[in-house]
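Below is one structure, written out as structure tokens, with a few remarks after it.
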Amino acid sequence: HKKAALEHVKNLVYKGMEKTLYALEFFQQLLQEYCEAVIDGSGNEVRSLLANSSVNNSNPCEHAIHLLSTRAGVRAVCELVAYGTAKDRKSILKSLKGYAKSGLLHPQAYLVYLQLIQLTDDTVLVHKQMLQELLTVAKDDDKAEGDDPTSPLLELALSERAVKLFMMVLLLNDKNNGSDSKESKNESKTSTMSLSKLLDPYELSVLTPGKVPTVTEADGTAVPTSKKEASLKQKELFKYLQKPLLDLCTQHTTELLMSRSGSMLLRQVYLSLGEAAPQAVQAMLEQVIIACEAPLSNEAAPQ
């Protein structure tokens, strides 16, 4: 009975994709429930859904941006990221291009960006389609307003959701997580424990850090959908974020200290970059001292 029911739901999903109903809430709910129902330790059915939809010229990965308006749609896209191919993830990133900042600030959509950061092996593509936008668009907006230069990352750092993207990259690059040989052997385990503290229970249920999704081949072999080591991916992403994060922490120390998410990021930047960039970190610490010694104004009340 379950198999027949799933087959019926799959046919409904195909019809919805043919009619491009991606923006409708009921279809997002249907897609999410189908994806979760067919995942039983393997994502073959989800991958099959994407492969067959490509034949019909209506792949949900190419319409990912329209699925992010509801919690169900976001969960569905996270499953597509988890069990799709590298080509599928590229299509999702392309669909989301231009919406990275607004997506990270969205109460639901930010989870898709965290999932992409975790599972996309092509970090150059992630930088081109996502990080580059975060590092430039806000700066252009600020220039148009004629204000003092503002770090393009400031608004994201002050957001309790968006800041988790930077924290995920920093935690897996924190040298304190592997300072001795015993800890180095358990680097991925230690990083996962740190991420478990960073993410809330719902986020953990969607993202499952430390657990790489798999698909089953014809011979029964389970093959991970993301083949590059998580620590290597994060180190590659770290190269793009290191200087912008240091600039953020030295230019906007007071704002970060007055924010729970900002102060968390400030601390992690210090822990992760203490040895790699000692002069920059020293400048950051000097700004922290200045900010702490300054009188607390009414406009700078803690958030």
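Here, each number is a calculation from the coordinates, and none is a lab measurement. Here the structure is a predicted model, which means the values were calculated and not measured. Using ideal geometry, Cβ is built from the backbone for each residue, glycine included, and neighbour counts are taken over all protein chains shown.
Considering every alpha-carbon pair of segment 71-125, the percent of pairs per 5 Å bin, from zero through the bin containing the longest distance, is 4, 21, 34, 27, 12, 2. Checking every one of the chymotrypsin sites (Phe, Trp or Tyr not before Pro) in segment 212-283 against DSSP loop status and a limit of 15 other Cβ atoms within 10 Å picks out no site at all. Can you flag which of Lys94/Lys211; Lys90/Lys128; Lys128/Lys243; Lys197/Lys227; Lys164/Lys197; Lys97/Lys211 are past 22 Å Cα-Cα? Long pairs (Cα-Cα over 22 Å): Lys94/Lys211; Lys197/Lys227; Lys97/Lys211.
Between Thr214 and Gly43, Thr225, the built amide H atoms are under 5 Å apart, and every one of these is 5 or more places off in sequence or on another chain. Taking the Cα centroid of segment 71-124 and of segment 264-295, what is the distance between the two, rounded to the nearest whole Å? Comparing the Cα centres of segment 71-124 and segment 264-295, I get a distance of 31 Å.
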